[in-house]
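**Q** The structure follows.
The values are calculated or read from the model by the stated rules, or taken from the named source; none is laboratory data. These figures come from a predicted structure and were not determined experimentally. Cβ: placed from backbone, ideal geometry, glycine included. Neighbour counts: every protein chain shown.
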Amino acid sequence: MSAFNQLPNKYQLTLLRHGESVGNANGYYQGQVDFPLSSRGEKQAKSLSNLWLEEKRSFDHIFSSPLARARQTAEIIANDHNIPLEFDEIWLERDAGLLSGLHEKEAEKRMPKPDFIHLYQPYATTGESTWSLYLRAGRAIQKIIDQPSGKYLVVSHGGILNMVMYAILGILPQANFHGAYFYFENTGYSLFSYYPDNHNWVLENFNATYHLYGI
């Protein structure tokens with residue numbers, strides 16, 4: 001076969017935040033506390049799954065955080081599309097320390113935000129530092145690229161996905177949460193193509209939410 005006719009070595013990576021959880025809907029800090037999807041979150045996940053069926057979008061494998069809000073989102077898509085699903089703790093949300101499971105109003109009273117947080121400082125006293133989260137995001141990407149080239153869907157959480165964007169785009173995190181923030185809405189997804197032969201990442205879309213219209 002001519003070199004001009006060979007298909008490029010390519011990964012397609014779709015990063016998806018879970019549907020709305022009970023914690024999201026009611027104003028709780030979640031972190032790694034296991035809130036399930038709300039009824040609206042289930043509708044969001046189903047609407048996205050239906051859209052991808054209409055588009056005939058395919059994936060070779062799904063990797064998901066094992067937390068209920070991500071797991072339930074992933075299971076809806078995996079069942080509808082008959083895709084292998086694997087749970088991996090590397091895709092867990094950031095450990096929110098002593099804020100985990102607190103309502104926002106209670107958190108304001110018990111743990112007011114400090115004036116300054118450096119990169120290596122545990123979040124909310126006992127949680128995951130920004131630097132630790134960034135390093136975990138890098139390891140998560142490495143685990144994807146360790147797989148054969150193909151189409152992969154990751155179902156995860158806003159905090160870790162923000163740092164995955166940093167890792168892919170080559171951005172270093174800053175102290176005190178300064179710098180860029182890549183916000184994923186509930187069931188918002190971003191699509192990357194990666195060409196390992198020349199280490200070229202291409203962002204095809206970011207935080208796509210077409211399926212949420214009318215929900």
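**Q** GLY41 - would you say it is modelled with pLDDT of 95 or more, in contact with a helix residue (DSSP H, G or I) (Cβ under 9 Å, 6 or more places away or on another chain) and closer than 20 Å to MET165 by Cα?
**A** Against the criterion (modelled with pLDDT of 95 or more, in contact with a helix residue (DSSP H, G or I) (Cβ under 9 Å, 6 or more places away or on another chain) and closer than 20 Å to MET165 by Cα), GLY41 does not qualify.
**Q** While we're looking at this one, here's another question. I'm trying to understand the selection: among the residues of the range 172-215, which are without any contact (Cβ under 8 Å) to a residue 60 or more places away in the chain, within 30 Å of LYS113 (Cα to Cα) and surrounded by 11 or more Cβ atoms within 10 Å (Cβ to Cβ)?
**A** We begin by selecting, within the range 172-215, every residue without any contact (Cβ under 8 Å) to a residue 60 or more places away in the chain; these are 172-175, 178-183, 198-209, 213-214.
Within this subset, residues satisfying the condition of being within 30 Å of LYS113 (Cα to Cα) are 172-175, 178-183, 206-207.
Of everything in the range 172-215, those that are without any contact (Cβ under 8 Å) to a residue 60 or more places away in the chain, within 30 Å of LYS113 (Cα to Cα) and surrounded by 11 or more Cβ atoms within 10 Å (Cβ to Cβ) turn out to be PRO173, GLN174, ALA175, GLY179, ALA180, PHE182, TYR183, PHE206, ASN207.
**Q** If you don't mind, another one. For GLN142, only one of the following conditions fails: (1) over 29 Å from ALA25 (Cα atoms); (2) in contact (Cβ under 8 Å) with a residue 12 or more places away in the chain; (3) within 16 Å of the chain's Cα centre (by Cα); (4) surrounded by fewer than 12 Cβ atoms within 10 Å (Cβ to Cβ). What is its number?
**A** So the condition that GLN142 fails would be (2).
**Q** Can I ask one more? Going through LEU169, LEU153, LEU135 one at a time, which residue ends up being under 17 Å from GLU93 (Cα atoms), surrounded by fewer than 21 Cβ atoms within 10 Å (Cβ to Cβ) and among the aliphatic types (A, V, I, L, M)?
**A** Result: LEU135 is the single residue among LEU169, LEU153, LEU135 that is under 17 Å from GLU93 (Cα atoms), surrounded by fewer than 21 Cβ atoms within 10 Å (Cβ to Cβ) and among the aliphatic types (A, V, I, L, M).
**Q** Also: I'd like the residue in the range 77-96 that is of a type in the set (Asp, Glu) and in contact with a strand residue (DSSP E or B) (Cβ under 7 Å, 6 or more places away or on another chain) and, out of all such residues, is surrounded by the most Cβ atoms within 10 Å (Cβ to Cβ).
**A** Top of the filtered list is ASP88.
**Q** Name, by its number, the condition in (1) of a type outside the set (Asp, Glu); (2) at pLDDT 95 or above; (3) out of contact with any helix residue (DSSP H, G or I) (no Cβ under 8 Å at 6 or more places or on another chain); (4) in a loop (DSSP other than H, G, I, E, B) that does not hold for PHE116.
**A** (3)
**Q** Oh, and also: Suppose we keep only residues that are crowded, with 17+ Cβ neighbours inside 10 Å, aliphatic (A, V, I, L, M) and touching a Lys or Arg at 6+ places or on another chain (Cβ under 9 Å) within the range 45-76. Which one would you say is farthest from HIS157 (Cα to Cα)?
**A** Among residues in the range 45-76 that are crowded, with 17+ Cβ neighbours inside 10 Å, aliphatic (A, V, I, L, M) and touching a Lys or Arg at 6+ places or on another chain (Cβ under 9 Å), the one farthest from HIS157 (Cα to Cα) is ILE76.
Listed here are the residues, each with its yes/no results for (1) of a type in the set (Gly, Ala, Ser); (2) within 21 Å of SER156 (Cβ to Cβ).
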residue: HIS81; (1), (2): no, yes
residue: PRO84; (1), (2): no, yes
residue: ALA107; (1), (2): yes, no
residue: PRO114; (1), (2): no, no
residue: GLY127; (1), (2): yes, yes
residue: TRP131; (1), (2): no, yes
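**Q** Would you say GLU93 is among the acidic types (Asp, Glu), touching a Leu at 6+ places or on another chain (Cβ under 8 Å), under 29 Å from TRP52 (Cβ atoms) and in contact (Cβ under 8 Å) with a residue 24 or more places away in the chain?
**A** Here the answer is yes, as GLU93 does meet what is asked.
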